[in-house]
Amino acid sequence: MTARIALVHDHVVQRGGSERVLVSMLRAFPDAPVFTAFYWPDATYPELRDADIRSLAVDRVPGLRRHHRAAFPALPFLYSRQRIEADVVICSSSGWAQGVRTGGRKIVYFHALAQWLHTPMNHLSNGRASRRLLLGVPRRTLMRWDRRTVLSADRYLVAGPTMRDRVGDLYGVDAEVLPPPAGVMPDGPATSIAGVAPGFFLSAARLMPYKNLDAVVAAFADLPDCRLVVAGVGPERRRLRASAPDNVTFVGNADDARLRWLYANCRALVCAGFESYGLTPVEGAAFGKPTVALREGGLADVVLEGSTGDFFDRPEPAAIAAAVRRVDGACYDPAALERVTKEHAGASFTARLRHVVAEELDRARRPLAR
């Protein structure tokens, strides 16, 4: 009998790194249904349109899909009511998905920890409504829910060493490192962007407070001979545009063809966010491009100082500008950039994930070994 595999993803309403990983999970298990809180087809990757995506009833509340953060306080309780009948459930989680119940084996792939509990509140798009609502839910209640649902899993996967250490410290569990694949590779169509000439620095990120793009934009005010292109959308858009100097260009939500052109024609990437993992530098490495990155969190897992990029120690304009000056014109190691790409091959990810699932199916057939 064919094993029943199911995927759970917090919400599918944007073009982010975790959604990239979800696409790769579906390549490993193309027939698996995807359970999620919200699904907005036009706002996420087109590869997901053919998937069997099943959203919660809250997705039918008018306007909530577009403003999904307003529902964050309710998601722990809504996910806890969701029971999935499958032999193996893979929870693709940044804080919510592990809450589902199942009679089968449960695997949690951590993209990030629950940001509303374990990292600064600036992850919540300038805080306002969603912050007030979350602060209205007792933190102790949320902490208990988070710990209980995480520990209900049978196995844990993480993108890199930083997340492995954080998961171990918080929950006392051993997680295995399974690096996510690069979502954009050079072998595909590329579309140029009108008004943008090659030779720029690139920040490809959602326009969220924790990405620290305000500091990146301000840094380029002190770099008049350099140009910055910002690719992404998000709630910080208006504020960032209003403060940007003339040498900063915003190109909005770039599809894969436009991203290929941007990666291929930039001088280097600039990443200043507090990241659980650094998928953007991985994609840049596939195009032979170095990254100027914040020396913190998951970015330090993938950027090799002097070989594939350079660091700055604080997400402040002066520190970022100094690092950009260092990287500009510097020579980096093509072999090291190629190694980063090979370590994040899509085929390796799908093969390893299938192997993990096969092991869990085997353990389920041997209940005394649990």
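The values are calculated or read from the model by the stated rules, or taken from the named source; none is laboratory data. Keep in mind that this is a model prediction, so the values were computed, not measured. Backbone-built Cβ (ideal geometry, glycine too); neighbour counts: all protein chains shown. These accessible areas exclude ligands, DNA and RNA; they are computed on the full protein's heavy atoms, side chains included. Shrake-Rupley method; radii C 1.70, N 1.55, O 1.52, S 1.80 Å.
Points to keep in mind about this one:
- For L304, distant residues with modelled amide H under 5 Å away: G309
- Measuring nothing but how far apart in sequence close Cα pairs (under 8 Å, 6+ apart) lie, relative to its length, the chain scores a relative contact order of 14 percent.
- Along the axis of the charge dipole computed for the chain (Cβ charges of +1 for Lys and Arg, -1 for Asp and Glu, origin at the Cα centre), the listed residues A74, T308, T162 are led at the positive end by A74.
- Note on R365 and A190: with the Förster distance fixed at 56 Å, the Cβ-Cβ geometry gives a FRET efficiency of about 0.75.
- H355-H67 pseudo-label distance in nm [points 7 Å out on the Cα-to-Cβ vector]: 4.7 nm
- Apolar share of the accessible surface for the stretch 190-343: 47 percent from carbon plus sulfur atoms, 1.4 Å probe.
- Mean separation of Cα contacts under 8 Å (6+ apart) over length of the stretch 1-93, as relative contact order %: 40 percent
- Per-residue surface analysis assigns D154 an accessible area of about 50 Å², computed on protein heavy atoms at 1.4 Å probe radius.
- C-alpha long axis of helix 139-150 to longest principal axis of the chain, angle in °: 70 degrees
- The antiparallel fraction among DSSP beta bridges confined to the stretch 224-370 stands at about 0%.
- By the rule of a C-alpha distance below 29 Å, with chain neighbours fewer than 8 residues away ignored, the lysines paired with K211 are K289, K342.
- Accessible surface, per residue, of the chain when the full set of protein chains is kept, probe 1.4 Å, Å²: 43 Å²
- Each Lys and Arg Cβ is given +1 and each Asp and Glu Cβ -1; about its Cα centre, the stretch 189-315 then shows a dipole of about 420 debye.
- Phi to ³J(HN,Hα) by Karplus 6.51 cos²θ - 1.76 cosθ + 1.60 over the stretch 62-69, Hz, x for Gly, Pro: x, x, 6, 4, 6, 10, 5, 5
- Relative to the Cα centre, the charge distribution of the chain, modelled as +1 at Lys and Arg Cβ and -1 at Asp and Glu Cβ, gives a dipole magnitude of about 1500 debye.
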